[in-house]
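Worksheet: one structure, shown below.
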Amino acid sequence: MLDFPGESSNWQSPTRKRRRDTYPEEAVLCDVKDIMSFVQQKIPNQDNKLNKFLKKKITDLETDKRELVGVFGKTGAGKSSLINAVIGAKNLLPSGSVSACTSVMIKVEANKQNQNYVADIEFITKEEWKDELWSSLNFLRDNADQENRQEEEDDFHDTEEKLSALYGEEWKNKSPENLMDNKYFKEIQEFLTSKKKTLSCESAKELSAKFMKYTRSDSKDGEGKRWYWPLVKCVTIKVPNNDLLQHVTLVDLPGNGDRNKSRDNMWKRLVGSCSAVWIVTDINRAAAEKEPWEILKSASSLMGNGGECQHIHFICTKSDVIEDLESDDHSPAAVRALIFKKNMQAKEQVRKEFSKLPEVKKHFNEECFQVFTVSSKEFLRKKCLDSDDTEIPKLRAFLQALNDCHSETLNYVSGAFGILSLIQGARCQEGADKRADVCKDLKEKMKHELDEVRKPMHKTLEAFEKCLSEGVEKSKGSCEKVLKSFLHPRNMKGGAFHKILKCVVENGGTYKPKKGKPMNLNAQLASCLTDSIDEEFKKTFPNEGKCGPFNGALNNFSLDTEKLIKKYKDVELQLIFLKTEVEKVKTKLNKLIRERKKTIYSSLMTTIEEIMQECYDKAAGFRGEGSLKNMRDTIEKHVRDAKNIMFERAKDEMMNQLRDLMEEILEKLKKTMQESIELSLNTYGDSIPDVTVELQMVKSHNNELKGSPKEEP
């Protein structure tokens, strides 16, 4: 465990450091929220269109920006020490002698409710554990006393370790039914009732000791101790008084998902939601070690086109560990020079390795990729290196920029300014004779702008149609090759492959070994289709840059209210509201697109998975002699029979989802702005409150914020 300096030390947590810097902006947000709450209470309860509209608009102002940073890395790479050092939370995540359970996802975020350290533990369901228990016992029975490949040996020991953690030695002579007896779960009633278990402590060290049994196991801890990590899906740890985590969640993730379906679905959802990913590895093996690069390759499509990741950080830990570090031959300056030289070499090697990964570079530009060489220990003890040399401050600065609430505050305040402008404008009778003209101008402008959004959407559909049609033909031509390489792998005996193929068909076409590359027949069959649209997809739905989706068509949508304000000064307040409404609806639609594009991208493989499920179910039923041949024949026949419709159907499904998204965007844009134009210019509110003072205060805050520089991570 890291020995963090105590309270008397000069070491300053990022929390204490940041509070001075961010307080003015936080104060602005609190102030404006109080104003809007007060205004909402003043709006009359009469159930008319304008009052309902205003109340809804004020409620809709509330948003919580939350950025996800995924942290990958094998046991021993230094993930826990890194997270502890970066967020400045003493002894929060256990590290060192304990062996990590890689199937549990651990989220670390801010506790905004109270001053305690809290862990919320989410379990898999009892039914899921029953299925997992049955398949685990069958797997061990089928592989006992057999000569297995290394991957199968790892899986065998992993399965034994999982059962022993929960049951001790009792699982070896009991049936699955007996092992589901409630007596084994009496300490965790929440598992039996499908509820979350919450632990709350005053210190990080105390919480760490309490939640360890739900995330890890320690064989040195003696007989009779139960470890519950096999039943845990996710643990959310909440840290008090930590400004770095106010809008950021760090997620410690296993590298390849999980064989348990609900854990695997959660893993995919989290990886796809990460705006940044940290891949942590020991500096001495950074470029040569296979596992971190396999993680990057296997998850790149889920993070890139299938997700929203903008930053990949390759973090080489233990940068202070070099030969002769303690030798008298080296002065601190010489040691520092040695460490610096080694760090530069490691960075260069890692960048070279990244440049050799075409499957990753399809989804990410080199600008997205950064290498850090860190030392969590040196950051604390400062024996040979300054704090900055450890690069922990660089990672903190990145989180600060990601966590920066400037955009959230500005969105809220400008939205509030727009609503107050509308309220005050609705009270005024001035410009009544001009309102019909303004309405007409706005509707004409909106029609033109909607057409400008529609045009690039049609071009996108044409481009996708062309790419996918080519992908369908390539898929039909290559599926025999895919079947041969998947069903008849080289350098693998029939007996060994029989067990793997059995796992594949029992798990819907996928096999995830404890170590090594996962196998996914559905992904391989869909590969020509995904390859055909990857470039177009990245161009249409970019994760980085300011252009936005559909070549910037949505972001460029404007009603030109600034120009209209000069022409129609009497309705300036209503036009200010409409300007803020345009920005708000674009922000909402960009969020919708960001989520929907993940489903669209994965639809190719999902459709193939659904069509293939029939043959997996049939193949899973074969037993005894000849079952390997029967499984192979069943899969081959199904693919050959289905290939003329399977790939076409996958293409059609993606095209339909794209059309649906485009229609929804245009419809929501049109409907939202039509309603806002009608209500702002054709409604008078004699009974609504005077908000002159509130409007002036919020206008002042809005101008102040717009003059502030917006940090970019």
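Quick notes on this one:
- Within the range 25-51, considering residues that are of a type in the set (Asp, Glu) and assigned to a helix (DSSP H, G or I), the one farthest from GLU704 (Cα to Cα): ASP34
- Within the range 37-87, considering residues that are surrounded by 18 or more Cβ atoms within 10 Å (Cβ to Cβ) and more than 34 Å from the chain's Cα centre (by Cα), the one modelled with the highest pLDDT: VAL39
- The lone exception for SER298 - which of (1) farther than 13 Å from GLY70 by Cβ; (2) out of contact with any Pro (no Cβ under 9 Å at 6 or more places or on another chain) it fails: (2)
- Test for LEU468: is it buried (at least 21 other Cβ atoms within 10 Å of the Cβ) and at pLDDT below 95: no
- Filter result for VAL505 (among the β-branched types (Val, Ile, Thr), in contact (Cβ under 8 Å) with a residue 12 or more places away in the chain, in the same structural domain as GLU636 (by TED's automatic domain parsing) and farther than 29 Å from ARG259 by Cα): no
- Test for ASP451: is it in contact (Cβ under 8 Å) with a residue 24 or more places away in the chain and under 30 Å from LYS567 (Cβ atoms): no
- Residues of the range 393-416 satisfying the condition of being touching a His at 6+ places or on another chain (Cβ under 8 Å) and aromatic (Phe, Trp, Tyr): PHE398
- Top-ranked residue in the range 406-443 [being of a type in the set (Asp, Glu) and part of a helix (DSSP H, G or I); ranked as surrounded by the fewest Cβ atoms within 10 Å (Cβ to Cβ)]: ASP433
- Qualifying positions in the range 553-585 - free of Cβ contacts under 8 Å to residues at least 60 places away in the same chain and either within 36 Å of the chain's Cα centre (by Cα) or not in a helix (DSSP H, G or I) (or both): ASN555
- Of all residue pairs spaced 6 or more apart or on separate chains, those with beta-carbon atoms under 7 Å, a first member in the range 476-489 that is of a type in the set (Lys, Arg) and a second member that is surrounded by 15 or more Cβ atoms within 10 Å (Cβ to Cβ) are LYS476/LYS643; LYS476/PHE647.
- Residue list for the range 252-295, restricted to those being aliphatic (A, V, I, L, M) and closer than 18 Å to LYS598 by Cβ: LEU253, MET266, LEU270, VAL271, ALA276, VAL277
- Flag for VAL104 being closer than 21 Å to LYS162 by Cβ, outside the structural domain of THR198 (by TED's automatic domain parsing), among the aliphatic types (A, V, I, L, M) and in contact with a Cys (Cβ under 9 Å, 6 or more places away or on another chain): yes
- When the residues of the range 337-372 are filtered to those that are closer than 12 Å to CYS316 by Cα and hydrophobic (A, V, I, L, M, F, W, C), the one that is surrounded by the most Cβ atoms within 10 Å (Cβ to Cβ) is VAL350.
- Hey, LYS443 in the same structural domain as ILE565 (by TED's automatic domain parsing) and modelled with pLDDT under 95 or not: yes
- For PRO332: the one exception among (1) farther than 28 Å from PHE541 by Cα; (2) at pLDDT 90 or above: (2)
Rundown of residues vs (1) within 38 Å of the chain's Cα centre (by Cα); (2) surrounded by fewer than 18 Cβ atoms within 10 Å (Cβ to Cβ), yes/no style:
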| site | (1), (2) |
| --- | --- |
| ASN630 | no, yes |
| MET655 | yes, yes |
| GLU664 | yes, yes |
| LYS671 | yes, yes |
| ASN682 | no, yes |
| LEU705 | yes, no |
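- Residue check: ASN265 meets all listed conditions (1) touching a residue at least 12 places away in the same chain (Cβ under 8 Å); (2) assigned by TED's automatic domain parsing to the domain that holds GLU308; (3) closer than 20 Å to VAL71 by Cβ but one, namely (1).
Matching residues to (1) exposed (fewer than 12 other Cβ atoms within 10 Å of the Cβ); (2) closer than 11 Å to LEU133 by Cα; (3) of a type in the set (Lys, Arg):
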residue	(1), (2), (3)
GLU161	no, no, no
GLU169	yes, no, no
PRO176	no, yes, no
LYS186	yes, no, yes
THR193	yes, no, no
LEU199	no, no, no
GLU202	yes, no, no
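- Condition met for GLU625 (part of a loop (DSSP other than H, G, I, E, B) and either in the same structural domain as GLU506 (by TED's automatic domain parsing) or over 27 Å from GLY471 (Cα atoms) (or both)): yes
- Test: residue in the range 429-440 that is at pLDDT 90 or above and charged (D, E, K, R): yes
The values are calculated or read from the model by the stated rules, or taken from the named source; none is laboratory data. Remember, it's a predicted structure, so these values are computed and weren't measured experimentally. Here the Cβ is made from the backbone with ideal geometry for all residues, glycine too, and neighbour counts use every protein chain on show.
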